[in-house]
1. Step through the residues of the range 16-23 one at a time and calculate ³J(HN,Hα) from phi using the Karplus curve (6.51 cos²θ - 1.76 cosθ + 1.60, θ = phi - 60°), rounding each to whole Hz and writing x for Gly and Pro.
2. Enumerate the amide H contacts of residue 40 below 5 Å, restricted to partners 5 or more residues apart or on another chain; note that Pro and chain-start residues carry no placed amide H.
3. Rounded to whole Hz and in sequence order, give me ³J(HN,Hα) for the range 57-64 from the Karplus expression 6.51 cos²θ - 1.76 cosθ + 1.60, θ = phi - 60°, writing x for Gly and Pro.
4. Got a sec to turn the phi values of the range 33-47 into Karplus ³J(HN,Hα) couplings, 6.51 cos²θ - 1.76 cosθ + 1.60 with θ = phi - 60°, whole Hz, x for Gly and Pro?
5. What's the magnitude of the charge dipole for the range 9-69 around its Cα centre, counting Lys and Arg as +1 and Asp and Glu as -1 at the beta-carbon? Answer in Debye, nearest 20.
Amino acid sequence: MAQEKKAGWVMVYSTNEEYKIVILKGLLEEAGIKAYEIDKRDSNYLLGNTELYVRGDDVIRTKLIIEKSEL
């Protein structure tokens, strides 16, 4: 998937800790939810965040999964 915002997709999580994105993507995949990430960190200094996006229809389920994960 292209690394740009797509129509109908909503950012549900943002962090500067890459491992959290990996864990959440795995949890979402297990639940049948498609997700993609956009890495907005500066490549020289690794400052900034990575954002996780899901389809608008999956936002509520995703937020419940994120809440249960305690990340």
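1. Each residue of the range 16-23 in turn: 9, 10, 4, 4, 5, 5, 4, 4 Hz.
2. 49, 50, 51
3. Karplus values, whole Hz, x for Gly and Pro: 5, 9, 4, 5, 4, 5, 5, 5.
4. 9, 7, 9, 9, 10, 10, 8, 9, 6, 5, 5, 7, 10, 6, 9
5. In debye, rounded to 20, the range 9-69 gives about 140.
Quick note: the coordinates plus some simple rules give every number you see, no bench work behind them. Bear in mind that the values here come from a model prediction, so they are computed numbers and not experimental data. Note that we place each Cβ from the backbone using ideal geometry, even for glycine, and neighbour counts take in every protein chain shown.
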